[in-house]
Amino acid sequence: MSRDDERDVVRSGYDALSYHYRADDADDGQYAPWLAELRRRLPAAATILDLGCGCGVPVARFLANAGHHVTGVDISDVQIERARRLVPTGTFLRADATRLERPPMSIDAVVCLYALIHMPLADQPPLIDRIATWLRPGGWLLATVGHEAWTGRDDNWLGGAATMWWSHADAATYRAWLRHAGLTITSEDFVSEGSSGHTLFWAQR
């Protein structure tokens, strides 16, 4: 598949299964401790970019309710429509995160949970480099990435009729990409999921 084909699979998959993936009233779940820790690290009324924001729940909802200025970006029209309804104080853009541009040193934190792994692998290091330039000195990146390298698809994702696609490197590669971007990794944790899992990074400019 071409990179555009890969993007189309991800977009149409989330359009089809948005509500199946997460309900309007979903709780913070496994994100709760990560979001609480991020809130402790942020200044008041921080500017936050949520890449792969989904329906706005729980990340944008939590941060907006804490008084922060949140901009969410997602490739799915359905997810963005829901986010605008569920988090009315946030700003939401239907866009491809790998083509996003923001002013240098304009953001206090970038959150990218379970989203980078849906982007074409070749586009991920340049995006990480750009994220580093968007962050203010002392700003944070909170991201979940691949733990082991894998690229593939699931033609019956979540038991539904839609296809989903992923592509990710291993944790050591992401570690190298973050450092190359000039970010300091302050912690790295394995987040189990079934028989495998993901790696959670906290990195600071």
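The values are calculated or read from the model by the stated rules, or taken from the named source; none is laboratory data. It should be emphasised that the depicted structure is a prediction, and the values quoted were computed from it without experimental measurement. Counting neighbours? That spans all protein chains shown, and the Cβs are built from the backbone with ideal geometry, glycine included. Just so you know, the surface numbers come from the protein's heavy atoms only, side chains and all, with ligands and any DNA or RNA stripped out. Shrake-Rupley method; radii C 1.70, N 1.55, O 1.52, S 1.80 Å.
Observations on the structure shown:
- Residues of segment 163-187 that turn out to be free of Cβ contacts under 8 Å to residues at least 60 places away in the same chain and part of a strand (DSSP E or B), as a count: 6
- Looking at ALA115, ALA95, ALA122, ALA109, just one residue is touching a residue at least 60 places away in the same chain (Cβ under 8 Å) and surrounded by fewer than 17 Cβ atoms within 10 Å (Cβ to Cβ), and that residue is ALA122.
- If only residues of segment 137-164 that are of a type in the set (A, V, I, L, M) and surrounded by fewer than 21 Cβ atoms within 10 Å (Cβ to Cβ) are counted, the one that is farthest from LEU116 (Cα to Cα) is ALA161.
- Qualifying residues in segment 1-15 (those that are farther than 16 Å from CYS53 by Cα and outside any loop (DSSP other than H, G, I, E, B)) - the one most open to solvent (accessible area, probe 1.4 Å): ARG3
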